[in-house]
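Single-structure report; data block below.
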Amino acid sequence: MSTSIATETQQQQQKQQDSNPTLKLRGHDNLNAQGQEEYRYSHLLPVFTADTYPPLTPFEHVDPGARALSHSDPRAFLGNATSVVEITPNLGTEVRGVNLRDLDSEGRDQLALEVARRGLMVFRDQQDFIDAGPDFYLQWGRHFGRLHIHPTSGHPQNYPELHLVYRDANSTFNFERSDSITSTSWHSDVSYERQPPGLTTFFLLSSPSTGGDTLFTSQVSTLKKLSPQFIAFLKTLKAVHSGVEQADFSRSGRRGATVRREPVEHIHPLVRKHPVTGEEALYVNRQFTKRIVGLKREESNTLLNFLYDHIDKSGDLQARLKWAPYTVALWDNRVTAHSAIVDYGESKERRHGARITPQAERPVPALDGLSLDD
């Protein structure tokens, strides 16, 4: 599909707002010379080009969090914070008073380590960061790894490395289904890649007045809840993660009908070890994990469904992020899973987010010597 999708989407939104002036985007609209509202982040609306890309090639990832281990104070980047609050005991920290845009290389290393340890960090009042623009986003993300180009999602014009989520009154360009009784879909981003993401940065450019929260869960904690004997068994297993369903979803005409890179499947351990913290985490998700290698279909389905159910129901291990203007969230995809909450559809408001997604290492098995071959 052509880049005209972005223009059509913008025109639809303008008509909607003209007809209903109560639908304001919280703090994110300006007036043009004619006194009309124009969307402040229209340059970051999703486009779907005909560009295609070759398969991803392996690369050596050097985790910046590892460098912070040798710092005399690995949490020095929080020194000027006015508030540092743990969202839950085992997952998530909310910070005020730290300007992410001002962090130097050492501060970014420390940030990577803290995100790895806490799983999720939420920084409020980050207008400087969000308004810095897409060139800054790329420079920021490259500090943490090779930037991933999503095979099917929309991106801003000329910036394919920026993954966008987008939903408004007229359309959705998200990987979501309307034939389910719930919008909750736990996943770790693009886990089907050979080298899935590590530290991820995400923020909303426009959000509904209420709803549209994001759920997170600690996969370190979900693993620890299981019995030692069962964990020992899980460590011997590996599973196939597949991007085929996501590609087929787009090929069916939804989400921009674009597939830029042919879908892949890769084998990852069911339990992985974080290369910096050494923590072990459950590494399966309902969205992309398809089968356990070496088990018969019924055995694989039974075990995976048990683990998915465990993840779904572990409310005591989860954190809920309520978005506010100029909030930036960072999480470690190696030790967390997350789900958007699509509960704002009746309001017909826009939810527009951008994700900066650096890839990390190939998942390290928690069991030494476990081969990731078929």
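The values are calculated or read from the model by the stated rules, or taken from the named source; none is laboratory data. Note that this is a predicted model, so its numbers are computed, not measured. Backbone-built Cβ (ideal geometry, glycine too); neighbour counts: all protein chains shown.
Taking the condition part of a helix (DSSP H, G or I) and at pLDDT 95 or above, does residue 144 pass?
Here the answer is no, as residue 144 does not meet what is asked.
Restricted to the range 87-102, and to residues that are in a helix (DSSP H, G or I) and in contact with a helix residue (DSSP H, G or I) (Cβ under 7 Å, 6 or more places away or on another chain), which residue is surrounded by the fewest Cβ atoms within 10 Å (Cβ to Cβ)?
That would be 101.
Six or more apart or on different chains, Cβ atoms under 7 Å: show the pairs whose first residue is in the range 70-97 and β-branched (Val, Ile, Thr) and whose second is in a loop (DSSP other than H, G, I, E, B) and crowded, with 18+ Cβ neighbours inside 10 Å.
Close Cβ pairs (under 7 Å, with a partner that is in a loop (DSSP other than H, G, I, E, B) and crowded, with 18+ Cβ neighbours inside 10 Å) amount to 93/87.
Run down 319, 337, 329, 366 and say which single residue is crowded, with 22+ Cβ neighbours inside 10 Å, in contact with a helix residue (DSSP H, G or I) (Cβ under 8 Å, 6 or more places away or on another chain) and aliphatic (A, V, I, L, M).
337
Within the range 294-309, is there a residue that is part of a loop (DSSP other than H, G, I, E, B), out of contact with any Ser or Thr (no Cβ under 6 Å at 6 or more places or on another chain) and surrounded by 15 or more Cβ atoms within 10 Å (Cβ to Cβ)? Break it down stepwise before answering.
Going residue by residue through the range 294-309, those that are part of a loop (DSSP other than H, G, I, E, B) are 294-296.
Pick out the ones that are also out of contact with any Ser or Thr (no Cβ under 6 Å at 6 or more places or on another chain) and you get 294-296.
Then keep just the ones that are surrounded by 15 or more Cβ atoms within 10 Å (Cβ to Cβ); that gives 295.
So far as the range 294-309 goes, yes, one or more of its residues are part of a loop (DSSP other than H, G, I, E, B), out of contact with any Ser or Thr (no Cβ under 6 Å at 6 or more places or on another chain) and surrounded by 15 or more Cβ atoms within 10 Å (Cβ to Cβ).
Within the range 334-342, is even one residue farther than 21 Å from residue 225 by Cα, part of a strand (DSSP E or B) and at pLDDT 95 or above?
no
Considering the range 103-124 alone, what residues qualify as being loosely packed, with under 15 Cβ neighbours inside 10 Å and either of a type outside the set (D, E, K, R) or under 20 Å from the mean Cα position of the chain (by Cα) (or both)?
Listed by number, the list holds a single entry, 105.
Would you pick out the residues in the range 125-141 that are over 16 Å from the mean Cα position of the chain (by Cα) and either outside any loop (DSSP other than H, G, I, E, B) or of a type in the set (Phe, Trp, Tyr) (or both)?
127, 128, 129, 130, 134, 135, 136, 139
So residue 53 fits all but one of (1) in contact with a Gly (Cβ under 9 Å, 6 or more places away or on another chain); (2) on the phi < 0 side of the Ramachandran plot; what number is the exception?
All conditions are met except number (1).
State all residues of the range 128-153 that are within 27 Å of residue 247 (Cα to Cα) and surrounded by fewer than 15 Cβ atoms within 10 Å (Cβ to Cβ); if no residue qualifies, say none.
138, 142
Here is a yes/no grid of residues against (1) surrounded by fewer than 16 Cβ atoms within 10 Å (Cβ to Cβ); (2) without any contact (Cβ under 8 Å) to a residue 24 or more places away in the chain; (3) outside any strand (DSSP E or B):
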position	(1), (2), (3)
236	yes, no, yes
241	no, no, no
250	no, no, yes
262	yes, no, yes
272	no, no, no
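Checking residue 42 against (1) in contact with a strand residue (DSSP E or B) (Cβ under 6 Å, 6 or more places away or on another chain); (2) without any contact (Cβ under 8 Å) to a residue 60 or more places away in the chain, which single condition isn't satisfied?
Of (1) in contact with a strand residue (DSSP E or B) (Cβ under 6 Å, 6 or more places away or on another chain); (2) without any contact (Cβ under 8 Å) to a residue 60 or more places away in the chain, only one is false for residue 42: (1).
Residues of the range 278-290 being surrounded by fewer than 19 Cβ atoms within 10 Å (Cβ to Cβ) and modelled with pLDDT of 95 or more, which ones?
Going through the range 278-290, the residues surrounded by fewer than 19 Cβ atoms within 10 Å (Cβ to Cβ) turn out to be 278, 286, 290.
Across the range 278-290, the qualifying residues are 278, 290.
Please find, among 151, 160, the residue that is within 21 Å of residue 356 (Cβ to Cβ), out of contact with any Ser or Thr (no Cβ under 7 Å at 6 or more places or on another chain) and at pLDDT below 95. Full working, then the answer.
Numbers: 160 fails: at pLDDT below 95.
Result of the check over 151, 160: 151.
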